[in-house]
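J.: Supplied in structure tokens, the structure appears directly below.
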Amino acid sequence: MEHRFRTSRLTRGNVVFPTEMVVTDRLVTRIKPSLVGRVEESISLRQVSSVTVSHGALFADVTVHSSGGTDPLRSHGLTNAEARRLKHLIEELQSNILTAGVADLSGLRPCPRCAETIKVAARVCKHCGADIPIELTEEAASDAASGAGALAAAAPAARDDEDWTWS
Ligand SMILES: [Zn+2]
């Protein structure tokens, strides 16, 4: 997961090498390209203490403050809408960290028993200890329910046996 926010070339300091703000599920990074390479400064998402946006007529100044003692990341030249989106994104990811322990919720789902957030691939819930039914079981159940006759039901079962023998 990576979100990029590029400043406008129309703004001061961004004409040739526009500054970029990049947000991942771990870091907020300010990338300033230059002739001799590029300068990257990052703040861990968990250490962002606040995001302030100062709106102008068209463009905004964004400051990402750190609680970790590092300098804030300053960006000049995002559009007002992009600046607002950047602030909301960081706040949303931080709230995910508080409630679910991670910023990126895409690999997660609620436990069917206790509704706490667990990984999609989890077989056992880390909160309530429930065994998570694997999807194959559900498929087999619905196949059996929709099966027309005994023959139809027996055929897939025989294939399953063969799989077990050879695997
Ligand atoms: Zn659970």
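Read-outs: derived from the displayed coordinates by stated rules, not from any lab. This one's a predicted model, so the numbers in the text were calculated from it and none came from an experiment. Virtual Cβ from ideal backbone geometry, glycine too; neighbours counted across all protein chains shown.
J.: Can you confirm whether region 30-45 contains a residue that is in contact with a helix residue (DSSP H, G or I) (Cβ under 9 Å, 6 or more places away or on another chain) and touching a residue at least 40 places away in the same chain (Cβ under 8 Å)?
T.: Pass one, region 30-45, residues in contact with a helix residue (DSSP H, G or I) (Cβ under 9 Å, 6 or more places away or on another chain): 45.
The next check asks that each one be touching a residue at least 40 places away in the same chain (Cβ under 8 Å); those that pass are 45.
Yes, region 30-45 has at least one match.
J.: Still on this structure, I have one more. Report the residue count in region 67-91 for those that are of a type in the set (G, A, S) and either touching a Cys at 6+ places or on another chain (Cβ under 8 Å) or crowded, with 18+ Cβ neighbours inside 10 Å (or both).
T.: In the first step, residues of region 67-91 are kept if they are of a type in the set (G, A, S); the result is 67-69, 75, 77, 81, 83.
The next check asks that each one be either touching a Cys at 6+ places or on another chain (Cβ under 8 Å) or crowded, with 18+ Cβ neighbours inside 10 Å (or both); those that pass are 75, 77, 83.
Residues meeting the conditions: 3.
J.: Only one of (1) within 16 Å of the ligand (Cβ to nearest atom); (2) closer than 26 Å to F17 by Cβ fails for V51. Which number is that?
T.: It fails just one condition, (1).
J.: Restricting attention to region 38-91, which residues are more than 15 Å from R26 (Cβ to Cβ) and small (G, A, S)?
T.: S49, S50, S54, G56, A57, A60, S67, G69, S75, G77, A81, A83
J.: On to the next question. I'd like the residue in region 92-118 that is among the polar types (S, T, N, Q) and surrounded by 14 or more Cβ atoms within 10 Å (Cβ to Cβ) and, out of all such residues, is farthest from D25 (Cα to Cα).
T.: Going through region 92-118, the residues among the polar types (S, T, N, Q) turn out to be 94-96, 99, 106, 117.
Checking which are surrounded by 14 or more Cβ atoms within 10 Å (Cβ to Cβ) leaves us with 94, 96, 117.
Working: Q94: 9, N96: 10, T117: 17 Å.
Across region 92-118, the extreme among qualifying residues is T117.
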